[in-house]
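What follows is a short report on a single structure.
None of the figures in this text is laboratory data; all of them are computed from the coordinates on show. Please read all numbers here as calculations on a predicted model, not as lab measurements. Please note: Cβ atoms are built from the backbone with ideal geometry, for glycine as well, and neighbour counts cover all protein chains shown.
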Amino acid sequence: MTTSIIPIIESLLKINEKVLKLTMKGLSPQVGSTDEKARLRTLPLTWFQKERINVSQFCDEEELASIDRIYKEILESSERRTRRKVYIDNLKQLKNDLTKLRSYALTKPTENDLEPPDFSPLISDKIMQSILERRWDEAAKCIKVNAPLAGIVMMGGLLEALLLARLLTLDNTDEAFKKKSTPKDHKTGKALSLKEWGLRDFINVAHEFGWITQTGKDVSEVVCEYRNYIHPTKELRHNISLDEGDSRLLWDVFRSIARQVILSTSK
């Protein structure tokens with residue numbers, strides 16, 4: 001659906017730019033001519049009568065609120081003599097809002113992006129598969145409603161579960177405790193049990209096995225780091241705030257890493 005509304009937004013931007021240029025060329029302080037008001041009126045009429053219903057199927061109403069308001073102001077202004085500057089200011093703001101909407105549409109996950117993968121190559125237990133699917137759905141909902149921290153925390157938990165599941169598919173799980181990156185007790189030097197591993201440990205060992213690429217490892221560590229911002233004091237100390245762009249970027253990469261882990265079972 002993303003690709004279907006991008007041409008609509010591009011068309012709206014093109015028409016808006018054309019009308020803006022013509023309006024700026026006008027010499028009178030007010031817009032009073034019938035032809036000029038009719039030209040301006042075509043913008044909101046095109047939006048409300050034709051294009052809005054198509055765009056609203058993809059975007060949330062809050063994403064359209066400012067655009068709706070400006071189009072209504074232009075429509076109402078065209079019924080009377082209105083200062084030219086009012087039109088120009090509205091058309092410039094409309095350009096900014098439509099540009100933001102285009103960026104939003106380009107980066108918004110599609111329904112296919114939110115669907116959980118087939119976990120069966122990793123886990124045969126049907127109940128655990130269902131649990132992972134529910135967790136995936138919950139993480140996807142966080143991304144969809146712009147709850148970046150919650151989404152990233154869910155991604156971190158899912159990634160840890162997937163990497164643990166991958167380790168348990170080994171014919172001989174003792175191999176996991178013989179890697180250079182296997183976490184060890186500082187006092188005894190012995191490998192820690194799996195229940196004592198952290199997400200970073202799973203990431204390092206998975207990379208050493210070759211289940212995830214170097215890029216996958218690097219980004220997984222970012223997810224690991226960001227997940228720790230669940231603690232408010234750490235967010236305050238580091239002066240970090242996560243936004244929608246962060247979660248969408250990490251979601252795309254997380255999905256890629258999950259595919260790598262699942263596909264590694266067939267090698």
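Values computed for the structure shown
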| quantity | calculated |
| --- | --- |
| Cross-link pairs 95/217; 25/100; 126/195; 100/234; 14/72; 18/72 - those with Cα-Cα distance over 29 Å | 95/217; 100/234 |
| Fully extended contour minus Cα-Cα distance, from residue 51 to residue 213, at 0.36 nm per residue | 54.0 nm |
| Rounded tilt (10° steps) of 2-25 against the dominant C-alpha axis of the chain | 30 degrees |
| Region 56-83-region 217-267 distance, computed between alpha-carbon centres (Å) | 38 Å |
| C-alpha long axis of helix 199-209 to longest principal axis of the chain, angle in ° | 70 degrees |
| The chain: radius of gyration over Cα atoms, expressed as a fraction of 2.2 N^0.38 Å | 1.42 |
| Prolate/oblate/rounded call for region 111-266, Cα gyration tensor, a/c under 1.5 rounded | oblate |
| Crossing angle, helix 126-144 versus the chain [Cα axis fit, 0-90 degrees, rounded to tens] | 30 degrees |
| Label-to-label distance, nm, for residues given as residue 118 and residue 22 (7 Å Cα→Cβ offset) | 5.6 nm |
| Distance (nanometres) between label positions extended 7 Å along Cα→Cβ at residue 244 and residue 14 | 2.6 nm |
